[in-house]
1. With (1) free of Cβ contacts under 8 Å to residues at least 40 places away in the same chain; (2) surrounded by fewer than 19 Cβ atoms within 10 Å (Cβ to Cβ); (3) assigned to a helix (DSSP H, G or I) as the list, and residue 102 as the residue in question, which single condition is left unmet?
2. Which of the helices (runs of 4 or more DSSP H) found entirely inside segment 1-72 contain at least 1 residues meeting this: open to solvent by less than 10 Å² (accessible area, probe 1.4 Å) and of a type in the set (Gly, Ala, Ser)?
3. With the condition kept exactly as written, say whether any residue in segment 68-86 is more than 22 Å from residue 230 (Cβ to Cβ), in contact with a Ser or Thr (Cβ under 7 Å, 6 or more places away or on another chain) and of a type in the set (Gly, Ala, Ser).
4. Give me a count of the residues in segment 184-208 that are out of contact with any strand residue (DSSP E or B) (no Cβ under 7 Å at 6 or more places or on another chain) and within 17 Å of residue 85 (Cα to Cα).
5. Consider residue 111 against the criteria (1) open to solvent by 20 Å² or more (accessible area, probe 1.4 Å); (2) at pLDDT below 95; (3) in a helix (DSSP H, G or I): it satisfies all of them except one. Which criterion is unmet?
6. Of the residues 256, 217, 305, which is closer than 27 Å to residue 128 by Cβ, of a type outside the set (A, V, I, L, M, F, W, C) and modelled with pLDDT under 95?
7. Among the residues of segment 235-249, write down those that are in contact (Cβ under 8 Å) with a residue 40 or more places away in the chain and open to solvent by less than 80 Å² (accessible area, probe 1.4 Å).
Amino acid sequence: MVDTDEFIEEAVARIDDQIGDSNAVIALSGGVDSSVAAALAYEAVGDQLTPVYVDTGLMRKGETEEIRETFSFMESLRVIEAADRYFDRLAGVTDPEEKREVIGDQFIREFEREARDVDADVLVQGTIYPDRIESEGGIKSHHNVGGLPEIIDFETIVEPVRDLYKDEVREVARALGLEEIISERMPFPGPGLAVRVIGEVTPEKADVAREACHVVEDELEEYDPWQAFAAVIGKGTGVKGDNRVHGWIVAVRSVESRDGMTARAQEIDWSTLQRIQSRITGENDDVARVVYDVTHKPPATIEYE
């Protein structure tokens, strides 16, 4: 385990050295990784840092409002509404790796635009060790690692937690005094709901995934999973009332893990699973059925794409 006091002291000094007299923007998603990176960078360079949250249209339910409230103490916080730009670029894209590349490219372009506005040439982001392992090992490209475009406008990219596993990042978050809603928050993928939608990502499918994920997180909180979510995996025939529907199939996934490198599917009580399917199909007329994923990692990854 990481010595948090020593890590924080060394990380702040290293960030200060990397940024120097420059201005920087931090890619703030609200997850524990980027929040720890933001807290460390803010301690290191203060007002030289501009936190930027981009609403891609692929975020959790209520995420944008929560970010505004949680990080309101950072007066320079910028919230960018970019959903239309992301969906336009994702139109017609079905290959998982191509999706990640598109999102990675748009990710950088959004921050480049904001960086020019505040005269910043440094990007701070919350890349962690498993992101690097999976990207460099060819398992899947993370939007902030293998998904980044080759040509970017930033002179320096600072990654304060790049050598830490998720559980170690949580330890640092607690040591920094970050709120529980941040330090204990369930992991959420950088590309957002795009990797919880099989095939082309559309606003409709993203909305279905968002609402279903909200139900799953709510219902499975007592099981204390490493990660629990829902994914839109296709369409199937169902019956609602006396009518045939050709609606979305939603897969529910809940796993236990220590660091995300391996994971085991959780055994969920049947009545809980029935309650989840009842809520998901009942709250969305376009969902025809709900299935539960029992696959461990390996052979599966935690996310679907």
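The values are calculated or read from the model by the stated rules, or taken from the named source; none is laboratory data. Nothing here was measured: the structure is a model prediction, and the numbers come from that model. Here Cβ is always computed from backbone atoms with ideal geometry, including for glycine, and neighbour counts include all displayed protein chains. Quick note on the areas: whole protein, heavy atoms, side chains included, nothing else; ligands and nucleic acids left out. Shrake-Rupley method; radii C 1.70, N 1.55, O 1.52, S 1.80 Å.
1. Failed condition: (2).
2. Numbers: elements: 4-19, 32-45, 63-70.
Because the criterion is at least 1 residues that are open to solvent by less than 10 Å² (accessible area, probe 1.4 Å) and of a type in the set (Gly, Ala, Ser), the helices (runs of 4 or more DSSP H) in segment 1-72 that meet it are 4-19, 32-45.
3. Residues of segment 68-86 that are more than 22 Å from residue 230 (Cβ to Cβ), as a first pass: 68-82, 84-85.
Filter once more, so that each one left must be in contact with a Ser or Thr (Cβ under 7 Å, 6 or more places away or on another chain): 76, 78-79, 82.
Okay, now just the ones that are also of a type in the set (Gly, Ala, Ser), so 76, 82.
Yes: segment 68-86 contains one or more residues that are more than 22 Å from residue 230 (Cβ to Cβ), in contact with a Ser or Thr (Cβ under 7 Å, 6 or more places away or on another chain) and of a type in the set (Gly, Ala, Ser).
4. We begin by selecting, within segment 184-208, every residue out of contact with any strand residue (DSSP E or B) (no Cβ under 7 Å at 6 or more places or on another chain); these are 184-185, 188-195, 199-204, 207.
Of the ones still in play, those that are also within 17 Å of residue 85 (Cα to Cα) are 190-194, 200-204, 207.
Of the residues in that region, 11 qualify.
5. Of everything listed in (1) open to solvent by 20 Å² or more (accessible area, probe 1.4 Å); (2) at pLDDT below 95; (3) in a helix (DSSP H, G or I), residue 111 misses just condition (1).
6. Details: 256 fails: modelled with pLDDT under 95; 217 fails: modelled with pLDDT under 95.
Step by step, each of 256, 217, 305 is checked, and only 305 is closer than 27 Å to residue 128 by Cβ, of a type outside the set (A, V, I, L, M, F, W, C) and modelled with pLDDT under 95.
7. Looking only at segment 235-249, we keep the residues that are in contact (Cβ under 8 Å) with a residue 40 or more places away in the chain, and these are 235-238, 240, 245-249.
Scanning segment 235-249 gives 236, 237, 238, 240, 245, 247, 248, 249.
Condition check ((1) out of contact with any strand residue (DSSP E or B) (no Cβ under 8 Å at 6 or more places or on another chain); (2) farther than 23 Å from residue 160 by Cα) across all residues:
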{"position": "36", "(1), (2)": "yes, no"}
{"position": "65", "(1), (2)": "yes, yes"}
{"position": "71", "(1), (2)": "no, no"}
{"position": "100", "(1), (2)": "yes, no"}
